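Take a look at the structure below.
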Amino acid sequence: MKIKILVPLIAAAIPVFISGCATDAHYVETGGRENIVTVGQINIQDFIQAANGAVQDLLQNGVLDKVSKPPAVLVLSRIVNDTSQQIDMDLLTQKIRVALLNSSKATFTTTMGMGGTAEDPLAKGMQQQNEFMNDSKPQPLPDFSLSGKIIQTRANSGSTRQSTFSFQLTLTDSKTGNAVWAYEKEITKQGTQSTVGF
């Protein structure tokens, strides 16, 4: 008799349990106003703002147009993470790379990198093989290297929390070692613990 009573109760409880676990998952536009904003972390819209601003400023500067053999060749150098979160720098650098390649003002070498390590080892091997087979000179150095830093500063006042993320980028002439372009984008976010994620 107990088994007969329990079965209907369990069957009635299952839909309630399932509906309690359901989420209102839906797509939103990446970088749009519906994206989640957290005070203590860099969100995707922050990377988009920083990358778009950097590309626009670099293209308007005109330094890429001054190379002797356009388009300018760039290599990605180190971008230091001085924030409290782990960051995949491709979230910033790939957006910059895509926009500059689409502008036709610049190309990027992937056969060079930090500490002599190629960004793309396979491409590096193919380049070396081609140079050997054709008895050709090694590829010239890139025109510029792109480096940078992301810095986080925090401030609190009562229940209000604030974080500022500074995206700093520098373009260096490989022949002279001089910085020929610099960019800084500061993004400040503020909220209270009761309304904004931390």
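Since every read-out is calculated from the coordinates, none of them should be taken as a lab result. On a predicted model such as this, the values are computed, not experimentally measured, just so you know.
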note = Set K95/K175; K66/K105; K69/K149; K69/K175; K95/K185, cut-off 20 Å on Cα-Cα distance; pairs above it are K95/K175; K69/K149
ask   = Which far-off residues, 5 or more places away or on another chain, put their amide H under 5 Å from the one on N35, with H placed in the peptide plane?
value = none
